[in-house]
Ligand SMILES: Nc1ncnc2c1ncn2[C@@H]1O[C@H](COP(=O)(O)OP(=O)(O)OP(=O)(O)O)[C@@H](O)[C@H]1O
Ligand SMILES: [Mg+2]
């Protein structure tokens, strides 16, 4: 049943997403933090596309810009430049009021620290019911939905407990229920298992999967936890404020998500792709470049079906020596055709 039209809902721009529009689309996203003394470019022209219904991970070294991106996607922060659309809505130009409605209705978020996600004086049931008051949902409907969500997350037994009476993993599962309360299009989680032991981390990951499948929410999880990134179909790596590589695990897709067969899923073969941005820029991962001493400049050669990337040894003989030494024939081979087609598939 549609929620009654509140004043805030009426303020929402009328831009329904096309059925096949991506859930998230960032183009050339820039975020510069300026303080008196220095300027940090946390996002440096980041491109990211996430399809509706995807369950994916975002990884990257500390300081690479992951939380900055999530802050923008969650509507807490605004980009310095570039475009970011979520569920068909451009966020860059939202007014404060529209941003508030967006945060209440279009995105749900789960932060790393369990206490940050829940109000300490409220029970689990009250925490899940609370966001629904902002959308004008009636008291009984709020309670029914809250109970349903707690049950789906496997924490209905915590309904009358306050956060202080729950474990970290239980609090995170209640937090997912809170995030889902207003049926968001997108669920964002910033290191949701970062403070949990491995057993609790597994139950929270399983709960996120359930959120994604049963509630049809596009889910983006920032993680350092290889246990998480090994179990999603697509992992995007950010390096220096840009998307750098993508790892696809074809078998860890939507159809075999059950939350209990995680180890088995992690064994499937993964393919790593480098991301080419709109200007044709490509980041080469250090595990490819360092062994070959590649830095500053590389020489590119056109090869049949792929591109050769050669250390700059100042002469073509250098390239020939490398070619002879490498069984693949190139230092780093980019199969242009398959990379672009498969990463878009
Ligand atoms: N409010 C801020 N003011 C100034 N600089 C900031 C601010 N927030 C983040 N930064 C800087 O922006 C860059 C990206 O930070 P961000 O928090 O997005 O990284 P992260 O990938 O989430 O790292 P971590 O894995 O440690 O959480 C870092 O250099 C950080 O120091
Ligand atoms: Mg962070």
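Rule-based calculations on the coordinates, nothing more; no lab input. Quantities reported herein were computed from a predicted structural model and do not represent experimental measurements. Cβ atoms come from the backbone with ideal geometry, glycine included; neighbour counts cover every protein chain shown.
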key: Antiparallel %, DSSP beta bridges [both residues in segment 7-274], to 5   = 60
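Assign one of three labels to segment 39-116, namely rounded, prolate or oblate, based on the Cα gyration tensor with a ≥ b ≥ c the square roots of its eigenvalues; rounded applies when a/c is under 1.5, prolate when it is not and a/b is larger than b/c, and oblate otherwise. Don't skip to the end; give the middle numbers.
On the way: a/c = 1.30, a/b = 1.14, b/c = 1.14.
Note, shape of segment 39-116 comes out rounded.
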key: Relative frequency of Cα-Cα separations exceeding 12 Å in segment 112-159, percent   = 61
note = A correct Stokes-Einstein calculation for segment 39-187, using the alpha-carbon Kirkwood radius, 25 °C and 0.890 mPa s, returns a whole-number D in µm² s⁻¹ of 148
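Which order results if 199, 156 are arranged by neighbouring Cβ count within 10 Å, fewest first?
Details: 199 9, 156 16.
Ascending Cβ contact count within 10 Å gives the list 199, 156.
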query = For segment 36-65 and segment 112-137, what is the separation of their Cα centres, given in Å?
reply = 28
task = Report the Stokes-Einstein translational diffusion coefficient (µm² s⁻¹, integer) for segment 7-274, Rh taken as the Kirkwood radius over Cα pairs, at 37 °C with viscosity 0.692 mPa s.
result = 174
